[in-house]
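Reviewing the structure listed below.
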Amino acid sequence: MSSVDTLNPAPVAAKKSAAEDSVIETSVIAEDSAFLKAIVQQIRANDAYGTYRNWADETLLKPYIISKKKRREISVEGEVDPITMSRILAFYRAIATCIEQETGQLSQVVVDLSHEGFGWALIFSGRLILVSKTLRDAQRFGFDSFEKLNAEGEKLINKGIDLAQRFPEVCNV
């Protein structure tokens, strides 16, 4: 085999452009979505040492994307690890932030998980529960794609905004 055969640049260029396309897709999604921007903001806000300051938004959001096959491989035995717990908190805090920006009502998040990964997440304003979500197998928290992550967040945001706008007097109590 000659050195020309072993150094064929065409396949390398094709692989590079496919990787670049996926990064571009993700960054477009992150830039177009207020919710995904809010998650990134929450992750960076809880970064005490500034480690994530220069990381790309896509890199920070990537842990939220877990394929169904990979999710099945994650054991539900034992405690929910702190990294997964912080991902769950950032997800719900981002929802609360988006609701707060839209309605002007201060929104708070409470996540309660048992040692087995079962529990709930609440987002409330005043005495009004804006979002109530049961969590099951929290060790496997994740989404199939950025689109599904964004869709779930937007759905919960819209429900919370609707409740806050229908019952503003309860939010102010």
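The values are calculated or read from the model by the stated rules, or taken from the named source; none is laboratory data. Every value quoted in this text rests on a predicted model; they were computed, and no experiment measured them. Note: ideal-geometry Cβ built from the backbone for every residue, glycine included; neighbour counts use all protein chains shown.
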- Options G119, G142; residue that is touching a Leu at 6+ places or on another chain (Cβ under 9 Å) and more than 22 Å from E58 (Cα to Cα): G119
- Task: Check A45, A94 and return the single one that is within 26 Å of L163 (Cα to Cα) and not polar (S, T, N, Q).
- Result: A94
- Message: For the range 49-60, check the following and say yes or no: at least one residue is modelled with pLDDT under 90 and either touching a strand residue (DSSP E or B) at 6+ places or on another chain (Cβ under 9 Å) or part of a helix (DSSP H, G or I) (or both).
- Response: no
- Query: Is the range 82-97 home to any residue that is over 17 Å from A38 (Cβ atoms) and of a type in the set (D, E, K, R)?
  - Reply: no
- Criterion: under 23 Å from S114 (Cα atoms) and either at pLDDT below 50 or assigned to a loop (DSSP other than H, G, I, E, B) (or both) - qualifying residue of V4, V76: V76
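Name the one entry in A34, A48 that is surrounded by 15 or more Cβ atoms within 10 Å (Cβ to Cβ) and over 18 Å from D144 (Cα atoms).
Of the residues listed, the single one that is surrounded by 15 or more Cβ atoms within 10 Å (Cβ to Cβ) and over 18 Å from D144 (Cα atoms) is A34.
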- Report, by residue number, each residue of the range 99-144 that is assigned to a loop (DSSP other than H, G, I, E, B), in contact (Cβ under 8 Å) with a residue 40 or more places away in the chain and among the basic types (K, R). R127
- Does the range 61-78 contain any residue that is farther than 30 Å from R127 by Cβ, among the aromatic types (F, W, Y) and surrounded by 15 or more Cβ atoms within 10 Å (Cβ to Cβ)? yes
- Looking only at the range 54-95, count how many residues are small (G, A, S) and over 19 Å from F146 (Cα atoms). 2
- Task: State all residues of the range 79-98 that are outside any helix (DSSP H, G or I) and either modelled with pLDDT of 95 or more or under 18 Å from T134 (Cβ atoms) (or both); if no residue qualifies, say none.
- Result: V80
